[in-house]
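The values are calculated or read from the model by the stated rules, or taken from the named source; none is laboratory data. Predicted, not measured: the structure shown is a model, and the values here were computed from it. Glycine gets a Cβ as well: all are built from the backbone with ideal geometry, and neighbour counts include every protein chain shown. For the accessible areas, the whole protein counts, side chains as well, though only heavy atoms, and no ligand, DNA or RNA atoms are used. Shrake-Rupley method; radii C 1.70, N 1.55, O 1.52, S 1.80 Å.
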Amino acid sequence: MIAIGSDHGGYRIKEAVKAYLQSRNIPVKDFGTHDEQSVNYAPIAGKVAQSVSSGESEKGIICCGTGIGVSMAANKVRGIRAAVCDNAFCVEMTRRHNNANVLCMGGRVIDEQQAQEFTGIFLDTPFDGDRHIQRIQEIQDIEDQTYELRKQEESKMDGQVFLMDHPLIQHKLTLLRDKNTGSKEFRELVGEIAMLMCYEATRDLTLKEVEIETPVAIAKTKVISGRKLAFIPILRAGIGMVDGVMELVPAAKVGHIGLYRNPETLQPVEYYSKLPTDIKERDVIVLDPMLATGGSAIDAITTIKKHAPKSVKFMCIIAAPEGMNALTQAHPDVQIYCAAMDDHLNEHGYIIPGLGDAGDRIFGTK
Ligand code: RB5
């Protein structure tokens, strides 16, 4: 199977490529776009490249206005060697020497006939092998080193980030993500997940031994010793997690914090803050269901730390890698509890796949 895709700029030649592949009875998976309406190229290029990288498709062909943007995006995917070509010689050579598995072409550079001709060359030219095997391996080595560095970055988070993959949490999270889940059920699920996460986030509470009388004997047993907790939801979505955690720790106090960023100074401005007066004696758990860019979590924790609590933890349901990196760098002393690390943030700052806007879904405002 051949995976194809384009943005609006490459749509015309992508359709020509599709017709050509169909005329040769080659199975095609078309990742869009399906008309000439303006659309961003990277997500489509990513899907074609993933299809090749996973082995679902043997090769990929992606088109945009120049072929350049889609090639940049495709080459970010592991195992992809995407080549931008606007002439037959380069198409042949990128197969023979680079063993290219994705061909990128520009709809504002070549016409439909050339796109079909280049597709034929791309599919029919074998890799020369021989000395080029080593050269391609060296490309692979660069990619492997990059992944290695990324893994090292991730392992730096070990001990600071606790991903909670308990089956109950994961099951409830799936229901939470579903766009058909209504506000009432969504609120209940947020509370239940928060409660389950709180169970883990309070694992290090210290215990002391006490003696009590059971109906039949004296027993030496344990109770939580003196540590006081405060939950601080970040307004407004964090409020959705409060009931769940208070079920587990009813004696905890609840503070509230609301911030916005001054667009000129970029400094966080507290528009609401009511923290427990004895916060200095308390261990704080900051609550926010979504860790997207990390901006508000970082600012809220910075503000809370100024009041000198004993310790600060952060609990979110879904995190984006961007937000997680930012938060761990800004506050390396803050342990983070999280039910899922999603793929990325989109251009509007939404976590993908995420669950949409948690605040709107909790409060039914959209
Ligand atoms: C879209 O106008 C254009 O930027 C895109 O098709 C592509 O040429 C990007 O590299």
>> Can you find, within region 48-83, the residue that is farthest from Y11 (Cα to Cα) among those that are open to solvent by 50 Å² or more (accessible area, probe 1.4 Å) and β-branched (V, I, T)?
In response: I68
> In the set A3, A16, which member is more than 15 Å from the ligand (Cβ to nearest atom), open to solvent by less than 40 Å² (accessible area, probe 1.4 Å), assigned to a helix (DSSP H, G or I) and touching a helix residue (DSSP H, G or I) at 6+ places or on another chain (Cβ under 8 Å)?
Replying inline: A16
> Within the set of pairs 6 or more residues apart or between chains, which connect a residue that is under 18 Å from D144 (Cα atoms) inside region 58-78 to a residue that is within 10 Å of the ligand (Cβ to nearest atom) and part of a helix (DSSP H, G or I) with Cβ atoms less than 7 Å apart?
Replying inline: A73/Y41; A73/A42; A73/A45; A74/A45
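Report, by residue number, each residue of region 89-108 that is assigned to a loop (DSSP other than H, G, I, E, B) and within 16 Å of the ligand (Cβ to nearest atom). Break it down into steps so the answer makes sense when it comes.
Within region 89-108, the first condition is being assigned to a loop (DSSP other than H, G, I, E, B), and the residues that meet it are 97-101, 107-108.
Once the filter is applied, which keeps residues that are assigned to a loop (DSSP other than H, G, I, E, B) and within 16 Å of the ligand (Cβ to nearest atom), region 89-108 yields G107, R108.
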>> Just checking, does region 38-47 include any residue being buried (at least 22 other Cβ atoms within 10 Å of the Cβ), closer than 15 Å to A115 by Cβ and within 16 Å of the ligand (Cβ to nearest atom)?
In response: no
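Filter region 54-88 down to residues that are under 21 Å from G120 (Cα atoms) and part of a helix (DSSP H, G or I) and give me whichever is nearest to the ligand (Cβ to nearest atom).
In the first step, residues of region 54-88 are kept if they are under 21 Å from G120 (Cα atoms); the result is 55-68, 70-71, 74, 80-88.
Restricting the remaining residues to those that are part of a helix (DSSP H, G or I) gives 68, 70-71, 74, 88.
Numbers: I68: 4, V70: 7, S71: 8, A74: 12, A88: 21 Å.
Ranking the candidates gives I68 first.
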>> Given the criterion touching a Pro at 6+ places or on another chain (Cβ under 7 Å), β-branched (V, I, T) and not in a strand (DSSP E or B), identify the matching residue among T365, T303, T293.
In response: T303
> How many residues does region 7-32 hold that are closer than 11 Å to Q116 by Cβ and among the small types (G, A, S)?
Replying inline: 3
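Residue-by-condition table, conditions (1) more than 30 Å from P309 (Cα to Cα); (2) surrounded by fewer than 16 Cβ atoms within 10 Å (Cβ to Cβ); (3) at pLDDT 95 or above:
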| residue | (1), (2), (3) |
| --- | --- |
| N325 | no, no, no |
| H331 | no, no, yes |
| V334 | no, no, yes |
| A340 | no, no, no |
| E347 | yes, yes, no |
| K366 | yes, yes, no |
> M93 fails exactly one of the following numbered conditions: (1) touching a strand residue (DSSP E or B) at 6+ places or on another chain (Cβ under 6 Å); (2) open to solvent by less than 70 Å² (accessible area, probe 1.4 Å). What is the number of that condition?
Replying inline: (1)
> Can you tell me which residue in region 187-239 is farthest from the chain's Cα centre (by Cα), limited to those that are of a type in the set (S, T, Y) and open to solvent by less than 70 Å² (accessible area, probe 1.4 Å)?
Replying inline: T214
> Tell me, which residue of region 151-169 that is at pLDDT below 70 and under 16 Å from the mean Cα position of the chain (by Cα) is surrounded by the most Cβ atoms within 10 Å (Cβ to Cβ)?
Replying inline: M157
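If you scan region 169-188, which residues turn out to be assigned to a helix (DSSP H, G or I) and either farther than 15 Å from I239 by Cβ or basic (K, R) (or both)? Working first, answer last.
Of the residues in region 169-188, the ones assigned to a helix (DSSP H, G or I) are 169-177, 183-188.
Within region 169-188, I169, Q170, H171, K172, L173, T174, L175, L176, R177, K184, E185, R187 meet the criteria.
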> Quick one: is V109 surrounded by 17 or more Cβ atoms within 10 Å (Cβ to Cβ) and closer than 21 Å to M1 by Cβ?
Replying inline: no
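State yes or no: is D35 under 21 Å from H8 (Cβ atoms), surrounded by fewer than 14 Cβ atoms within 10 Å (Cβ to Cβ) and not basic (K, R)? Steps first, answer last, please.
Details: under 21 Å from H8 (Cβ atoms): yes; surrounded by fewer than 14 Cβ atoms within 10 Å (Cβ to Cβ): yes; not basic (K, R): yes.
The answer is yes for D35.
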